[in-house]
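Take a look at the structure set out below.
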Amino acid sequence: MAHEQEECKKIQYPLDSSSYKILDEIGVGVSAIVYKAACVPMNSTVVAIKAIDLDRSRVDLDGIRRESKTMSLLSHPNILNAHCSFTVDSRLWVVMPFMSGGSLQSIISSSFPDGLPEPCIAIVLKETLNALSYLHMQGHLHRDIKAGNILIDSNGSVKLADFGVSASIYEPSSAQGGASSSSASRLMLTDMAGTPYWMAPEVIHSHTGYSVKADIWSFGITALELAHGRPPLSHLPPSKSLLLKITQRLRLSDYDKSNEKDKNKKFSKAFKDMVGSCLDRDPSKRPSAEKLLKHSFFRNCKGADFLVTNVLSGLPSVEDRFRESKILHKNGSDDGEEDSESDSATPIVKQRRISGWNFNEDGFELDPVFPTESKDEQIGKQVRFGGETVIPDNKSSESDNPDDDVVKQVRFGGETIIQDQKSNEPDNRGDSSSGSPGAAEEEAQVGGDEESEPGNREIIESENIGGGGGGGGGIDRETVVGGLLALRRSLDEQRQHVTDMIVLAGGEVAREDQLVQQQLIERLRMELENERQSNFELEMELEFLKLQISGASNSGGTD
Amino acid sequence: MKGLFKSKPRTPADVVRQTRDLLMFAGRNNDTRESKREEKMAELYKNIRELKQILYGNSESEPVSEACAQLTQEFFRENTLRLLITYLPKLNLEARKDATQVVANLQRQQVQSKLIASDYLEKNIDLLDILISGYENADMALHYGAMLRECIRHQTVARYVLESQHMKKFFDYIQLPNFDIAADAAATFKELLTRHKSTVAEFLSKNYEWFFAEYNSKLLESSNYITRRQAIKLLGDMLLDRSNSVVMTRYVSSRDNLRILMNLLRESSKSIQIEAFHVFKLFAANQNKPPDIVSIFIANRSKLLRLFADFKLDKEDEQFEADKALVVKEIASLEPRDRP
């Protein structure tokens, strides 16, 4: 049986460009273009061709070789294989089956801005899990699980694509270009790859290395993405390095706005439970793909036909969606996420700053102008699930911050699912002024909700002055950072209180009159937003100051 | 059958022995019923996977060194590796991948601080012929290629391949139209020519004439972009290696070689230009330039200097700038010499 499968599987596609007729462009990445094409000698079968420019200096040939080889040796109904690949001048053409539905990300942004209905999500996630389970069993990590990499065909079949950053735990040396094979302990990887919002905490802070469980985290984030139409925290810049390149975000955070609608959106307990288990900060507590497949959420999962009728019907074609998105995001430096194949078409590994650029949902501009961010921005640093706080975590998007002392919580519908008080590792480099954060914290606590904003400003200003005197002309960065971090911590605590109150109130709402409570919650929430706004402004100011400092002290501040 | 093996836990050696028996079965032609055969093959796949799990561990447990040693010893005590390589085409895709990983791992396993895989391969060196010819079979190329790269970690094995007639075939394998296979062959080729320094130096000295004639005409002057790019990079790696200094001196004394390098310097591809520069600089830095090389430099002096004036990396690189300054200075100061 296996033999037969083997034999009919490999239909050899022609290995020369003249056999293919390009029909349309369906995706663009930093160094790749994706075409829809017809394979003329094969009855004009429609295919997708990813044309990767090998002459871009960033492109690493070994990485491409690995991706290509990985793809051609995988065989699973939920994994997108390449038919073949060959070079055309300085481009590598990877010929793949054409998935006419495009990526889930493109489907969502074109037709389901507030997320997919739960039964559809279940199907997509289940199929994705099948692929993940296979990959993990083979010793591969995907490392870039997100809706943009999940494709759907006209018959509703779901396939996981894009192994641009995938790695094999059986070939630790090849991942490093032969540099240091011994450093990566077996079954663990240490280099960083992926797209920030979907990245597991241990990938970002990878002192210890990470394993297949990092994919499970990304899978959980993807679930939220499908449920809401965008990944959590997506209104924040994907990394600090990117933060320095933002002028303003064109679109507001629709995520928070859509929450208004989301309130009516009820997700099942099983769904919340499933996602919650994936988002455990402790990788060892996350279930394996295999185990997740047995979760009750997937028990009565519908079939591919359900996706055809509920998701695919009436959907604009992949080509049209791509054209549309091109108009929407004219910015050339945006690495479009509109189409699956478009975004991470570049096999760039380990360069987080670049992979961060993948992200363009909020229409980032990338010139450094500071710090006049528009007032109407929302800076909620919360992950929400149907209006409830899931993960208040302002850290996961800023990996290189030296301070980690933040309370991290994941909640679902009032009950705390994950509580993780990550204590500060005592490697707070050169935190010379241990007194000032404490002082700032006190200040912030004394100042109530309303007053804390001006109060905080004062702290910063006074510290700037003090630091300026001590640092011999420059501003004492350490002090400012310390102060700001303490401030943020206290804000987090306050937010925590408010969240608790909301939860408490929410519990009673069920029984008593809802309107008053709702209004109270709204008001508290507004206050919180204000707090966060001011916090964010201060952060931006700090970034700006840092820029100035580094600009003044030396010109070669590479960041 | 299943019950027979379930009764007591099998030792790693048991798994190897059973794998061997099943491989022999797989090798016999279809004299059994189809259903029986399927059952046996499934059993074989399970065994190969078990071997892999013993060697690599799994998500729950790390590999146990004693079990690995036992497995390795039994594996090479008899001809299991030969059977596995020979009958690999009869296995399904998943089992081929498992088998490849098993073979790869076994090359690094030490038994009483000896790499017994190396000894085994030395006595069964013809297995390498099978592995190399895998590049001519699209279905097997990636599996055999991966095994081959692991086997040439052993110096004696690498020497065998370098000195064999197979070496010439690599110039064609590298340019196969199928990218995966061509890239795999290129990776093996590179490994052969860089891994074992003394062996490589000896090989290049002994085979200088034909090797570089092929290298220049088939690879550096190939019409295929990726071939040129990989070849110029590898050439730089080889010539800049201290152990190959004799070969390098010889290479940079040839005007034909210089002509090829100058053409590569003029390529539109930045990556190729940069790699070409790293070889070109050796011609310029050579303190005993033959007169014909000097005259080429002088004849092309203004063009070269103009080229280098605009020649920059995307990222700042002090070493590169320093090299460039030296090359420019050297070329600018050249005087026509009298012929000896």
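The values are calculated or read from the model by the stated rules, or taken from the named source; none is laboratory data. Keep in mind it's a predicted model, so treat the numbers as computed, not measured. Using ideal geometry, Cβ is built from the backbone for each residue, glycine included, and neighbour counts are taken over all protein chains shown. Calculation scope for accessible area: heavy atoms of the full protein, side chains included, ligands and nucleic acids excluded. Shrake-Rupley method; radii C 1.70, N 1.55, O 1.52, S 1.80 Å.
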Once phi is turned into θ = phi - 60°, what whole-Hz ³J(HN,Hα) does the Karplus curve with 6.51, -1.76 and 1.60 give for every residue of the range A:91-100, x standing for Gly and Pro?
10, 9, 9, 10, 8, 10, x, 7, 9, 5
Could you check which residue among B:A117, B:A185, B:A325 shows the biggest mean-square fluctuation in a GNM of chain B with a 10 Å Cα cutoff?
B:A325
Whole-Hz Karplus ³J(HN,Hα) for the range A:113-123, in order, using 6.51 cos²θ - 1.76 cosθ + 1.60 and θ = phi - 60°, x for Gly and Pro?
x, 9, x, 8, x, 4, x, 5, 4, 4, 5
What accessible area, summed over both chains, is buried at the B-A interface (1.4 Å probe, Å², nearest 100)?
3000
Which of B:S254, B:S223, B:S61 moves the most in a Gaussian network model of chain B with Cα springs under 10 Å?
B:S61
Zone of A:I327's modelled label, taken as backbone nitrogen in the range A:25-46 under 16 Å from a point 7 Å along Cα→Cβ:
none
Each label point is 7 Å from the Cα along the Cα-to-Cβ direction; what then is the distance between the points at A:K294 and A:K21, in nm?
5.2
Between A:V47 and residues 5 or more places away or on another chain, the pairs with built amide H atoms under 5 Å apart involve A:A37, A:A38, A:C39
Sequence-distant residues sharing a close amide H with A:G102 (under 5 Å, placed H)
A:I152
Once you place label points 7 Å from the Cα toward the Cβ at B:D119 and A:S154, how far apart are they in nm?
6.3
With point charges of +1 on the Cβ of Lys and Arg and -1 on the Cβ of Asp and Glu, referenced to the Cα centre of chain B, which listed residue (B:Y56, B:Q273, B:L23) lies farthest in the positive direction of the dipole?
B:L23
Taking the Cα atoms of the range A:70-123 alone, what are Rg (to one decimal) and Dmax (as a whole number) in Å?
15.5, 46
Can you list the residues, at least 5 places off or on another chain, whose amide H is less than 5 Å from the amide H of A:E25, using H built in the peptide plane?
A:K36
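Once the Cβ-Cβ distance between A:E493 and B:E60 is put in as r, and R0 is 35 Å, what FRET efficiency do you end up with, to the nearest 0.05? Mind showing how you got there, number by number?
Working: r = 39 Å, r/R0 = 1.12.
It comes out at approximately 0.35.
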Along the dipole axis of chain B (charges at Cβ: +1 for Lys and Arg, -1 for Asp and Glu; origin at the Cα centre), the most positive-end residue among B:F311, B:Q155, B:A231 is B:Q155
Using θ = phi - 60° and the Karplus relation 6.51 cos²θ - 1.76 cosθ + 1.60, list the HN-Hα couplings for the range A:67-82 in order, rounded to whole Hz, with x at every Gly or Pro.
4, 5, 5, 3, 4, 6, 9, 9, 8, 7, x, 9, 10, 6, 9, 8
So how far apart, in nm, are the two label points at B:Q73 and A:D320 if each is 7 Å from Cα heading toward Cβ?
7.0
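Of the accessible area of chain B, with the probe set at 1.4 angstrom, what percent is carbon plus sulfur?
Of all accessible area on chain B, carbon and sulfur atoms account for 49 percent.
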Net charge dipole size for the range B:190-232 [Lys, Arg +1 and Asp, Glu -1 on Cβ; Debye, nearest 20]:
200
In chain B, which longest range has no GluC sites (Glu not before Pro) that are both DSSP loop (not H, G, I, E or B) and surrounded by at most 11 other Cβ atoms within 10 Å?
B:61-315
About its Cα centre, what dipole magnitude does chain B give when the only charges are +1 on Lys and Arg Cβ and -1 on Asp and Glu Cβ, stated in debye to the nearest 20?
160
Label-reachable residues, the range B:68-90, where backbone N falls under 12 Å from a point 7 Å from B:D139's Cα toward its Cβ
B:88-90
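Assuming R0 = 35 Å, what is the FRET efficiency of B:R108 and A:D282, from their Cβ-Cβ distance, to the nearest 0.05?
Calculated transfer efficiency: 0.60.
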With Kirkwood's inverse mean 1/r over C-alpha pairs for Rh, give me the Rg to Rh ratio of the range B:211-340, two decimals please.
0.94
Cα atoms only, the range A:18-97: Rg and Dmax in Å?
12.7, 37
Hits in the range A:133-156: amide N under 16 Å from the 7 Å Cα→Cβ extension of A:N310, namely A:156
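Considering only protein heavy atoms, with the full assembly of protein chains and a 1.4 angstrom probe, order B:W210, A:W217 by accessible area, largest first. It would help to have the intermediate numbers written out before the result.
Values: B:W210 65, A:W217 15 Å².
Ranked list, largest accessible area first: B:W210, A:W217.
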